[in-house]
Amino acid sequence: MKTDKLLLIDDDKELGELLVEFLASEGFSLELAYSGEEGLQKLAEKDYDLILLDVMMPGMSGLDVLREMRNANTVPVLMLTAKGDELDKVLGLELGADDYLPKPYSHRELVARIRALLRRIEMEHQRPGPAVQPVLTLGRVTLDTRVYQALIDKQDLELTQTEFKVLQTLMERAGQVVTKNELYQTVLGRPLEPYDRSIDMHVSNVRKKIMTLSEDYRPIKTLRGVGYQFVAN
């Protein structure tokens, strides 16, 4: 059985040592970086399956790390944020984090969130079945699930893995309304939680990237209080 390799970037050494032991008992291999700079160095030297990234660190913050690593790395990132700090959550998701977990959190809650993200990534990298179209074109958008590339007018949207999954889910059900809870389950592998705006931010990021390359094209519609719909024409 494959052991998933995780990297925790957090200046709290005591927490890190506790998590190494606990996550090992859950079947994960966890390495530690106690600063943003050390975390980026480890990312440059080795591949990981998922990054646990604390936002509040002295010197180089977690947001700074995320901004720099997203220039060249698409590894899933679970942000660890201060409870109630909406600005950090929004900025982190805008910069390409996949999900967030507010502190304080239980170890069981952390494991559940890690497994949900890894399960989603594993499903994405499985070969498409015979009923699944590896290349999907609707309107001016083309998705190639074999290489996880999204194009608009033949220009690369440069989506994160989570943003790609959001767009793929909406396009596969074009013309239908996809509820927010359905998107949470499909994209993040967990149910919608009260006051959680993660999916809204991922959809917003996809829209911004589409508008950057094609300002007049807005295929994702919002049905307030319900969900989203991809309209090809």
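Residues in the stretch 164-179 that are of a type outside the set (A, V, I, L, M) and in contact with a strand residue (DSSP E or B) (Cβ under 8 Å, 6 or more places away or on another chain) were compared, and the one that is surrounded by the most Cβ atoms within 10 Å (Cβ to Cβ) is 164. Just one of the numbered conditions (1) hydrophobic (A, V, I, L, M, F, W, C); (2) assigned to a loop (DSSP other than H, G, I, E, B); (3) buried (at least 16 other Cβ atoms within 10 Å of the Cβ) is not true of residue 116: (2). The residues of the stretch 7-19 that are within 22 Å of residue 59 (Cβ to Cβ) and not in a loop (DSSP other than H, G, I, E, B), listed by number, are 7, 8, 9, 13, 14, 15, 16, 17, 19. Residues in the stretch 79-88 that are surrounded by fewer than 22 Cβ atoms within 10 Å (Cβ to Cβ) and in contact with a helix residue (DSSP H, G or I) (Cβ under 9 Å, 6 or more places away or on another chain): 82, 88. Taken residue by residue, the stretch 210-225 has no member that is outside the structural domain of residue 109 (by TED's automatic domain parsing), part of a helix (DSSP H, G or I) and either under 22 Å from residue 109 (Cα atoms) or touching a Leu at 6+ places or on another chain (Cβ under 6 Å) (or both). Look at the stretch 8-21: where a residue is outside the structural domain of residue 50 (by TED's automatic domain parsing), no partner that is surrounded by 19 or more Cβ atoms within 10 Å (Cβ to Cβ) sits 6+ places away or on another chain with Cβ atoms under 9 Å. Entry remark, the stretch 1-20: residues being acidic (Asp, Glu), at pLDDT 95 or above and within 15 Å of residue 111 (Cα to Cα) number 0 in total. Going through the stretch 57-81 one residue at a time, which ones are touching a strand residue (DSSP E or B) at 6+ places or on another chain (Cβ under 6 Å) and either without any contact (Cβ under 8 Å) to a residue 12 or more places away in the chain or not β-branched (Val, Ile, Thr) (or both)? Residues satisfying the conditions are 62, 76, 78, 79, 80. The residues of the stretch 165-198 that are part of a loop (DSSP other than H, G, I, E, B) and under 17 Å from residue 116 (Cβ atoms), listed by number, are 189, 190, 191, 192, 193, 196. If you go through the stretch 165-203 and keep only what is under 20 Å from residue 139 (Cβ atoms) and without any contact (Cβ under 8 Å) to a residue 24 or more places away in the chain, you end up with just 169.
From the set of residues in the stretch 20-43 that are within 20 Å of the chain's Cα centre (by Cα) and outside any helix (DSSP H, G or I), which is nearest to residue 56 (Cα to Cα)? Across the stretch 20-43, the extreme among qualifying residues is 30. Residues that are in contact (Cβ under 8 Å) with a residue 12 or more places away in the chain and part of a strand (DSSP E or B) were ranked within the stretch 150-164; the one that is nearest to residue 66 (Cα to Cα) is 150.
The values are calculated or read from the model by the stated rules, or taken from the named source; none is laboratory data. Predicted model only: the values in this text are computed from it and were never measured. We place every Cβ from the backbone using ideal geometry, glycine too, and count neighbours over all the protein chains shown.
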